[in-house]
1. Name every residue in the range A:58-77 that is polar (S, T, N, Q) and surrounded by 17 or more Cβ atoms within 10 Å (Cβ to Cβ), in order of residue number.
2. Being touching a Gly at 6+ places or on another chain (Cβ under 8 Å) and more than 18 Å from A:I12 (Cβ to Cβ) is the filter here; which residues of the range B:30-66 pass it?
3. Taking the range A:33-57 on its own, how many of its residues are more than 10 Å from chain B (Cβ to nearest Cβ) and either buried (at least 19 other Cβ atoms within 10 Å of the Cβ) or modelled with pLDDT under 95 (or both)?
4. Whether any residue in the range B:59-67 is within 14 Å of another protein chain (Cβ to nearest Cβ) and buried (at least 16 other Cβ atoms within 10 Å of the Cβ) is what I want to check.
5. Note down all Cβ pairs under 6 Å where the first residue falls in the range B:69-87 and is part of a loop (DSSP other than H, G, I, E, B), the second is buried (at least 18 other Cβ atoms within 10 Å of the Cβ) and basic (K, R), and they're at least six residues apart or on different chains.
6. Tally time: how many residues in the range B:13-24 are touching a Gly at 6+ places or on another chain (Cβ under 6 Å) and facing another protein chain (nearest Cβ under 7 Å)?
Amino acid sequence: MAGTVIGRTIVIDGELAGDEALVVHGTIKGKIEVRQRVEVAADGVVEAVIAAPQVTVHGTVVGDIFASERADLRPESQVIGNIRAPRVLIADGAAFKGSVDMGG
Amino acid sequence: MAGTMNTTPCFIGPRMTVRGALLGEDDLVVEGRVEGSIAIAGHLVIAEGGVVESDIEVESVDIRGQVVGDVIASSSVTIHPGAQVHGNVRAPRVVIEDGAHFKGSVEMDVELPEGLARVRAR
């Protein structure tokens, strides 16, 4: 099962919480708190705090990212916010503004 | 990449909860939980096990799970066997199937025969 998918034209203003993988093609404003991986697709826009084990961003995130395992900013991604994760990857071509805290 | 741009499915999985307003133009399948409001210009399916505690405004909806809230559809509402709906339903076409549980009012456009309509209007 692919988990939850938020479609391209969908806008959620509020909070998303759960225990399964999430792929965002649409827009989420508020808060995301899941216990599986979160992927913000190239057409996804997240204006929210994201808390998840693994966060992969192809699209746009404005908000802080708390990843207990890893945060992965792919080429073409745009992120404004702070990232806290033990492993943080910022690919060549990613646009990022904020602070990184890998702990320790 | 994002795949086909105009047919991205929207799916709220069984272990996901959305609190807040959900709006858009995609079809939506809810197997999990939505608390707040749903307003989409598309088809909504509340699957078996899905729980929606919110007012719903859609083109059409198939309900197989649980709904607490008012349902307004521009074309049709179908309440399937096993579904539980608590709220008011307004749509041109409303179907309540045998085995569905429903509490609330139903409002369809009822065109009464002319004579009867005049009596009702008085």
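1. Just the residues of the range A:58-77 that are polar (S, T, N, Q), to begin with: A:60, A:68, A:77.
Scanning the range A:58-77 gives A:T60, A:S77.
2. Listed by number, the residues that qualify are B:A47, B:E48, B:G49, B:E59, B:R64, B:G65, B:Q66.
3. Taking the range A:33-57 and keeping what is more than 10 Å from chain B (Cβ to nearest Cβ), we get A:37-40, A:45-57.
Adding the requirement that they be either buried (at least 19 other Cβ atoms within 10 Å of the Cβ) or modelled with pLDDT under 95 (or both) leaves A:37-40, A:45-46, A:48, A:50-52, A:55-57.
Qualifying residue count, the range A:33-57: 13.
4. Restricting attention to the range B:59-67, the residues satisfying the condition of being within 14 Å of another protein chain (Cβ to nearest Cβ) are B:59.
With the extra rule that they be buried (at least 16 other Cβ atoms within 10 Å of the Cβ), the set shrinks to B:59.
Yes.
5. Going by the 6 Å Cβ cut-off, the qualifying pairs are B:H80/B:R64; B:A83/B:R64.
6. The initial filter retains those residues of the range B:13-24 that are touching a Gly at 6+ places or on another chain (Cβ under 6 Å), namely B:13-17, B:19-21.
Next, only the ones that are facing another protein chain (nearest Cβ under 7 Å) stay: B:13, B:15-17, B:19-21.
Of the residues in that region, 7 qualify.
The values are calculated or read from the model by the stated rules, or taken from the named source; none is laboratory data. Keep in mind that what you see is a predicted model, and the values were worked out from it rather than measured. Cβ coordinates were reconstructed from backbone atoms using ideal geometry, including for glycine residues, and neighbour counts include every protein chain displayed.
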